[in-house]
Amino acid sequence: MEDDAPVIYGLEFQARALTAQTAETDAIRFLVGTQSLKFDNQIHIIDFDDENNMINKSVLLHDAGEIWHISGSPAEKAVLTTCYSKTSESRVLTCAAVWRMPPEWESGSHESPDDSSNNPQTLELLCHLDNTTHGSVACVLWEPMGDGKRVISLAENHVLLWDLQESSTKATISSSATLEGKGQLKFTAGKWSPHHNSTQLATANDTAIRGWDLRSMSQIYCIESAHGQLVRDLDFNPNKQYYLASCGDDCKVKFWDVRHINEPVKCLEEHSHWVWSVRYNHSHDQLLLTGSSDSRVILSNMVSISSEPFGHLVDDDELSDNEESQQEDKGKEPLQDSIIATYEEHEDSVYAVEWSAADPWLFASLSYDGRLVINRVPRALKYRILL
Amino acid sequence: MSSATTPPDSDPTGRRRVHSMLKLYYGLNEEGTAAEQAESLDPCDINGPHFDPEVYLNKLRKECSLGELMDHESCMVKQIRSLDSDMQTLVYENYNKFISATDTIRKMKNDFKKMEDEMDCLSANMAAITEFSARISGTLQDQHAQITKLSGVHTLLRKLQFLFELPARLNKCLELQAYAQAVSAHRRARCVLQQYSHMPSFRGIQDDCHVIMEQLAQQLRQKFRDGGSSAKDLSECVELLLQLDEPAEELCDKFLSHAQSRLEADLQGLEVELKDSAVTDTDILEFIDRGCNEFVSSLCLVIASYQELFINQMANGKLHVFVDTLAARYFSLVEQRIQEEKGVGDNSLLVRALDRFHRRLQAITKLLPGSAVPSHGTEIVVRAARERIKQYLSALQTFYHDSLTDVRQALAAPRLAVGGANATPSLPELLTSLSNFILNQLKSVLASVHLFTAKDITFSNKPYFKGEFCSQGVREGLVVSFIKFICQSSRQYCESAGDRGGSTPPALLLLLSRLCLDYETSTISYILTLTDEQFLVQHHTPVTPVTALCAEAREAAQKLLNHYVKVQGLIISQMLRKSVETRDWVNTIEPRNVRAVMKRVVEDTTSIDVQVGLLYEEGVRKAHSSDSSKRTFSVYSSSRQQIRYAPSYTPSAPMDTNLLSNIHKLFSERIDIFSPVEFNKVSVLTGIIKISLKTFLECVRLRTFGRYGLQQIQVDCHYLQMYLWRFVSDENLVHFLLDEIVGSAAHRCLDPSPMEQSVIEVICERG
């Protein structure tokens, strides 16, 4: 059962920003934002043809500045947000804006991919998430599974909840919260929880992870020194509402139960440098993807803390007959927590990894030198999880 | 010649002559003279008895001349004269003697006559006496027979009297509690009474006795029941009762139950002492002593007397059960007491106590072969020994922790008193003292444990102490566990410290790592050899091999050293990160100096280098640059030039930038940043520098630079280049990372116009 070879796509520019097109459920599509101070920045739309193992790309011009973060609307395929840095009066400020992709991009790219780079189309600006009073934006988060009307931006030490109105052409701050404390506090990452009716948010600043209730805009928990060093990213388990994973400069990936924040549930230490990105698979939350500046992407199988029944940790009493028979059907030993694969296709630091929104067995990783690698979960494991 | 009777005389010849003459006179014929007679048969011998004057004269006349004759004659005359005078004196001498002899004889004659009369008288008297005597004995004959008869009657009467008095006597004995006497008296009389019981009087006596004896038995039983008397009394009591034909079974039960109550009292005493021991602070030896002296000796006594009393009648089963139950209680007490013995200071007391305990139980073996008690006792000793080993292990562990705390304090001290840095011990000193402390402590513990197997200890020849105790207990349970514990706790330092931001001082990590490595290379095998020798360990059961322990120690050392690298790297990283993050790189001024933080990085790296150098060897460098900073410069500047002349900074060809660095990467190995290091200084330093520079790179990539920002980075990198290459194994690594930093900064630069290499060098050399 030979696994397909990874598909590699090279960008001309350095890049950090990667997202799956969240609202697209048919095509496997990723969006990559480039970073260049000298040239016009681009958003590459990477379409992956699973059957032919081929990549189709389209390029959209993003002339506002280099892209630090990109995020697609969960409701509208064409709508996305970017965080980009703007230099004015020898001052660098990272702004955020909501964009719409021009409707023709799809047809144009298919006809003549070579020409598209010559004459790229430009993104249509919908609105700015005006942050001049709040400072640089670290990231913009869409409401998970929402209707594409609400976004959160993390600017310096502020959490801003925006309402998008009039087809996203107008953004107003509906509520905000500010993290007060000693020194210059700055959010480095955040994640909007898909659980609890989307009323919770987790943010990372320095070594701490904080949870926020969006209704009251107040802090609900705080994991001080969640990591020895800076926390770089976090992600919620899509199926277990209290579980989240975090990663950081101490080379570790930690799993937390936010009800018991004194100790992590589990800790992985597989990378040999900072871990920049951590992502749960949307459907099978035992699959975890991490990207690190040691140029590696690691796919781990965390069965013991996933929502799937796990042979050793689930009490026998709790196992219903149904589950038991299911296990018997498998006829195999239960899977152990393990590393499934380490992907070494990158030669520079990997700053972003992302699962496809359409195919749960497929993921992309992006390294600083502009190399995008699309990989699949090994077939053997896939069948074991499915069957 | 002469007879011995004559004393030697001045003139023996003259004397003899006188003698012989006297002999002649008295008609004596001595034997001695016979020989002389033969000599003097010569008739010419004038002194001889056969002297013939005629022959002599004739001979003289024939043989001698006139003159000679004349002389002879005169001589003869002279001799005759002297003989005459001699004769005369003799006569005179003897005359008086004759006179007195005659008187004496006359007197005797008179006396004898008187005596004869008296003798006659005496014989007459004797005859009278004989007659009288015969008469008397004739008269006394009758009386004698009568007296003999009377005395026979007398004894009989005495016996009868004894019998008649028996009840009274028994009563008296009863009063005086002289039971033994009473019983023996009764025994003597019993058969007689039995025999003559048909006679009413005897019958009466017998009944009386019976009643009294009943009473006595009652009293004995009472006494028996009351208890309070000693075991000896008790056994006496039982003996008497047995003699009184009490049922043995019942007695036996009673005896045992009674002994039990007394032994239980002993046990209770022990129990009280056990409770008080915390307060009164009696040591275990005293306790065991007391237990032995009171309980065990009483128990032995009971066993002995039981066997003496009942062994013929009863089976030993009862006794076994009895002894077992009591001993079980005693053992539980002893065990409680042993468990209280937690202090590990002096083991000899415990060992001696156990020895005594064990030794005293041997008595039971002798008394009661086949009893399970001694083996249970041995089990207790074994358990105590096991427990002891555990205690020692935990004591060792605490000691280890304490000494680590000491080391920690010693390490922290220089920071408190920077002035007196010389006073504090250096790392190697701390290492040696720490490892010596541990080793000495381990040795002393081994010595303490060794007491268990000393020759003079009775239980040391038990199979457990010969085999399992040495191999499983001491070697595995103590030594191996301790070494494992050291490794384990070392590893914990790595894990706990990582989360909470380095609560362990890095120097301690380094020290521990070296300690573990030393253990791997020599100490472990030394300790184990020492143990094996001391305890003559025979490995009946599989034991942890030295290699496994060494591997574990090495692993721990590796982990610690990795962690040390990580911690130190993170400290420097933190400095670099802060310095990059907090600066406004777009609006910075033209660089005039190397930033202070870079100097600090170099300083710190140097001090780490010194620190590591104290404990670890230099290690090998790849492509060792002999001394020339010049060569370093050339390498660096050439790579610098590549960047400078590369079109990367020109806006026209963005692809080439990637190309350059990609080509670079193609030919260089992938750098693992937090990778394991080797046990040498260069490797450690390489690791730290790798981490630091990688952090620098990642931070630079997150910032945007102005022209002077880029130039400052150039200056800083060049400065680092100047100083860091000497610490690492492969200087190309430093070059590569620094190039990457400068390259990234150039990428992130709004106005990438690099500084002239010569200017950079000037600034860096200025300091």
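Just to be sure before I move on: is B:SER607 at pLDDT below 85 and surrounded by fewer than 19 Cβ atoms within 10 Å (Cβ to Cβ) in the structure I sent? So B:SER607 does not fit the description; no.
A residue that is within 14 Å of chain B (Cβ to nearest Cβ) and over 20 Å from A:VAL353 (Cα atoms) cannot be found anywhere in the stretch A:284-299. Looking only at the stretch A:256-280, residues that are more than 24 Å from A:ASP348 (Cβ to Cβ) and either surrounded by fewer than 22 Cβ atoms within 10 Å (Cβ to Cβ) or away from chain B (no Cβ under 14 Å) (or both) come to 12 in all.
What number of residues within the stretch B:415-465 are over 26 Å from the mean Cα position of the chain (by Cα), at pLDDT 75 or above and either assigned to a loop (DSSP other than H, G, I, E, B) or over 26 Å from B:ALA395 (Cβ atoms) (or both)? Total satisfying the criteria: 3. Highlighted here are the helices (runs of 4 or more DSSP H) found entirely within the stretch B:501-594 that include at least 1 residues which are modelled with pLDDT under 85 and surrounded by fewer than 16 Cβ atoms within 10 Å (Cβ to Cβ): B:524-535, B:546-581. Among residues of the stretch B:79-108 that are within 30 Å of B:ILE46 (Cβ to Cβ), none has a beta-carbon under 6 Å from a residue that is hydrophobic (A, V, I, L, M, F, W, C) at least six positions away or on a different chain.
When A:PRO238 is tested against (1) within 14 Å of chain B (Cβ to nearest Cβ); (2) buried (at least 16 other Cβ atoms within 10 Å of the Cβ); (3) assigned to a loop (DSSP other than H, G, I, E, B), exactly one condition is not met: (1). Going through (1) within 30 Å of B:LYS566 (Cβ to Cβ); (2) surrounded by fewer than 19 Cβ atoms within 10 Å (Cβ to Cβ); (3) within 16 Å of the chain's Cα centre (by Cα) one by one, A:ALA204 falls short only on (2). Scanning the stretch A:338-387 for residues that are of a type in the set (Asp, Glu), away from chain B (no Cβ under 14 Å) and part of a loop (DSSP other than H, G, I, E, B) turns up just one, A:ASP359.
B:GLU495 passes every criterion in (1) under 37 Å from the mean Cα position of the chain (by Cα); (2) within 27 Å of A:CYS251 (Cα to Cα); (3) at pLDDT below 80 apart from (1).
Here A:LYS57 passes the criteria (1) under 18 Å from the mean Cα position of the chain (by Cα); (2) more than 14 Å from every other protein chain (Cβ to nearest Cβ); (3) within 16 Å of A:GLY370 (Cα to Cα) except the one numbered (1).
The values are calculated or read from the model by the stated rules, or taken from the named source; none is laboratory data. Given the structure is predicted, the values throughout are model-derived calculations rather than measurements. For neighbour counting, all protein chains shown are included, and Cβ atoms are generated from backbone atoms with ideal geometry for every residue, glycine included.
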